[in-house]
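Novice: Pasting a structure below so you can have a look.
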Amino acid sequence: MEQQYDVVIAGAGPVGLTLAIDLGRRGVKCLIVERESTTGPWPKMDRSNARTMEIYRRMGLADRIRALGYPADAAMNVFIVTRLCDPPLAVLHYPSVAECRDAGASHRGIGEPLEPYQLVSQNKLEPLLKEVAEETPNVTVRYACALDGFTQDCDGVAVTLAPANGAKEYARAAYLVGCDGGSSLVRKALGIKLEGVGGIRQMRQICFRSDDLYDKIPMGKGRHYYVADAAGSVFIAQGDRKEFTLNADLPEDADFEQEIRDRAGFPFEFELLNVGTWRLHLLVAERYGEGRVFLAGDAAHLVIPTGGLGMNSGIGDAIDLSWKLAGAVQGWGGPELLESYEQERRPVGLRNRDASGWAAEGMGFWRRAVRPEIRDDTPEGEAVRAEVTALALQHHRRVHDMIGVEFGYSYAGSPLIAEEAGNVAEWQTTIYEPHTRPGIRIPHIWLKDGRAMQDVLSQDFTLVDLTNGADTAAIEAAFAVIGAPLEVVRLDEPHVREVYECSLLLLRPDLHIAWRGDAPPDDAAALATRVTGHGSRAIAVAA
């Protein structure tokens, strides 16, 4: 018997699970399938950036995620080293999560994130998301069940499922989303190519556990210890500071325990847990889908981990696509709604790919200066160390300073955004300049009563009235005609109005600004039509 769903999701990594949770909460019946029998056992990613943590706050998950990761007061410094036992070549100081939170709490403007970043391993994050997805109404989660194939027509998608211990099954859905990773079956079945540079370098991820390593490192506590060697090595301390990874370009037959000892340079007890292989890519899919089938996460883009733009880009995909799928399924979304997914997210994918490469090049400056004599107690060794130190201090911050990428992206130019003269989707990698021009995510600001602006907004469209008295009846009526959910939030906030430089803001469910003004638009119907994907007629904005 053919099972019926609104959406089928292939792949239960963080991106697929986040998408499923948000869809289920929006009343969309979805099935998420994963070929593996359970969540992955190894760390993989280790950083949920500030924008991702804002998204998880909105989903009610931020505090639960933080409980699984680095403690708020843990040191976040980054070290460039010859070995863990030697004096560091360079130390880059970064604030702890607690320090970031204190800075944000005291800031009355709009420059700080609402939520700081969080270091949390994927093998800690995934089980939580799995648990939440399994508890979410409208969501069916199936592990040990692979997507085996699909066909689509004008009415939906027929999928074939291959459970690990059973006969093939069949399901039908209005839409299919491939969150099935870099080797995506969905992408390959659609014949979509990846653009960019692939297979840049092959690395080993060596996972090990040690109860005493973290406290024995003489140079001090931090999160990343980059080893100046030919293998591109880096030690990463995971959330409990008992599990570690060493990523390095090593042969398959290397003595991995000895490789760990050699880079530490002092004795300590540890247990080798796993050795995996991964490759560096800078690739983006030429299209983000076809017809009723879409790509998200690593299925759509593969980047070097520098800058932390892999999973975090995928969470951005999920939160953009979810509300649009809901609009299509529930009938209020027009034809441009789902078309806008690629128009909005692929430019972000391209920019993030390039930013990841730029960040990697920052590390490359000093790694290319490494010579075999770097550990030698000789004038030649001292000269190499001095050069590496100078280059690391000058360039390595590229790897970790990505706030402009995290918050500065805009969907200006999307058919769903009410354009303003001179509004273009510009961004800088390391600098975030907050504003409220349509297309940007609404900047965080504290209200008079101590609440955050983001915390008072609806999960659907929100019209924010900062005068607490604007006539919004026409906009409300226009949304009602379409059937799109809209909530009006009225606030008497002169300070916010001054900082935001407008009186009215129309926000999408993903908290990107669709329109702003100091008075309601002359054509409220055109505004509602545009932002829900029914057409992009020009909107006359009242002065």
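The values are calculated or read from the model by the stated rules, or taken from the named source; none is laboratory data. Computed from a predicted structure; not experimentally measured. Note: ideal-geometry Cβ built from the backbone for every residue, glycine included; neighbour counts use all protein chains shown.
Novice: Are any of the residues in the stretch 215-235 in contact with a Ser or Thr (Cβ under 9 Å, 6 or more places away or on another chain) and among the β-branched types (Val, Ile, Thr)?
Specialist: Yes.
Novice: Do you know which residues across the stretch 81-110 are of a type in the set (D, E, K, R), within 18 Å of GLY220 (Cβ to Cβ) and assigned to a loop (DSSP other than H, G, I, E, B)? Don't jump to the end; show me each part of the working.
Specialist: Here is the first cut: in the stretch 81-110, the ones of a type in the set (D, E, K, R) are 83, 86, 99, 101-102, 108.
Of the ones still in play, those that are also within 18 Å of GLY220 (Cβ to Cβ) are 83, 86, 99.
Selection gives ARG83, ASP86.
Novice: Does at least one position in the stretch 62-71 carry a residue that is farther than 21 Å from ARG398 by Cβ and among the β-branched types (Val, Ile, Thr)?
Specialist: Let us first name the residues in the stretch 62-71 that are farther than 21 Å from ARG398 by Cβ, namely 62-71.
If we keep only those that are among the β-branched types (Val, Ile, Thr) as well, we get 65.
Within the stretch 62-71, one or more residues are farther than 21 Å from ARG398 by Cβ and among the β-branched types (Val, Ile, Thr).
Novice: Select from the stretch 39-68 the residues that are at pLDDT 95 or above and assigned to a loop (DSSP other than H, G, I, E, B) and write down the one among them that is farthest from TYR432 (Cα to Cα).
Specialist: The first filter runs over the stretch 39-68 and keeps only residues at pLDDT 95 or above, leaving 39, 48-68.
From what's left, assigned to a loop (DSSP other than H, G, I, E, B): 39, 49, 59-61, 67-68.
Details: THR39: 35, ASN49: 14, MET59: 24, GLY60: 25, LEU61: 25, ALA67: 28, LEU68: 28 Å.
Step by step, filter the stretch 39-68, then rank; the result is THR39.
Novice: Further question on the same structure: If you scan the stretch 177-222, which residues turn out to be under 17 Å from VAL15 (Cβ atoms) and of a type in the set (D, E, K, R)?
Specialist: Selection gives ASP180, ARG187.
Novice: Another question, then. Looking at the structure I just gave you, is VAL186 assigned to a helix (DSSP H, G or I), within 22 Å of the chain's Cα centre (by Cα) and at pLDDT 95 or above? Reasoning before the result, please.
Specialist: Numbers: assigned to a helix (DSSP H, G or I): yes; within 22 Å of the chain's Cα centre (by Cα): yes; at pLDDT 95 or above: yes.
For VAL186, the condition - assigned to a helix (DSSP H, G or I), within 22 Å of the chain's Cα centre (by Cα) and at pLDDT 95 or above - is met.
Novice: Please tell me if MET203 is outside the structural domain of ASP317 (by TED's automatic domain parsing) and either acidic (Asp, Glu) or outside any loop (DSSP other than H, G, I, E, B) (or both).
Specialist: Numbers: outside the structural domain of ASP317 (by TED's automatic domain parsing): yes; either acidic (Asp, Glu) or outside any loop (DSSP other than H, G, I, E, B) (or both): yes.
Against the criterion (outside the structural domain of ASP317 (by TED's automatic domain parsing) and either acidic (Asp, Glu) or outside any loop (DSSP other than H, G, I, E, B) (or both)), MET203 qualifies.
Novice: Another question about this same structure. Taking the stated definitions as given, is LEU282 assigned to a helix (DSSP H, G or I), touching a strand residue (DSSP E or B) at 6+ places or on another chain (Cβ under 7 Å) and modelled with pLDDT of 95 or more?
Specialist: Details: assigned to a helix (DSSP H, G or I): no; touching a strand residue (DSSP E or B) at 6+ places or on another chain (Cβ under 7 Å): yes; modelled with pLDDT of 95 or more: yes.
The answer is no for LEU282.
Novice: Being over 29 Å from GLY308 (Cβ atoms), of a type outside the set (A, V, I, L, M, F, W, C), surrounded by 15 or more Cβ atoms within 10 Å (Cβ to Cβ) and without any contact (Cβ under 8 Å) to a residue 24 or more places away in the chain is true for just one of GLY381, GLY469, GLY422. Which residue is that?
Specialist: Working: GLY469 fails: surrounded by 15 or more Cβ atoms within 10 Å (Cβ to Cβ); GLY422 fails: surrounded by 15 or more Cβ atoms within 10 Å (Cβ to Cβ).
Sole residue among the options that is over 29 Å from GLY308 (Cβ atoms), of a type outside the set (A, V, I, L, M, F, W, C), surrounded by 15 or more Cβ atoms within 10 Å (Cβ to Cβ) and without any contact (Cβ under 8 Å) to a residue 24 or more places away in the chain: GLY381.
Novice: Go through the stretch 1-24 residue by residue and tally those that are of a type in the set (D, E, K, R) and surrounded by fewer than 24 Cβ atoms within 10 Å (Cβ to Cβ). Break it down stepwise before answering.
Specialist: Narrowing the stretch 1-24 to residues of a type in the set (D, E, K, R): 2, 6, 22.
Add one more test, that the residue is surrounded by fewer than 24 Cβ atoms within 10 Å (Cβ to Cβ), and what stays is 2, 6.
Number of matching residues: 2.
Novice: Given the structure, is VAL293 surrounded by 14 or more Cβ atoms within 10 Å (Cβ to Cβ) and touching a residue at least 24 places away in the same chain (Cβ under 8 Å)? Break it down into steps so the answer makes sense when it comes.
Specialist: On the way: surrounded by 14 or more Cβ atoms within 10 Å (Cβ to Cβ): yes; touching a residue at least 24 places away in the same chain (Cβ under 8 Å): yes.
Yes: the conditions hold for VAL293.
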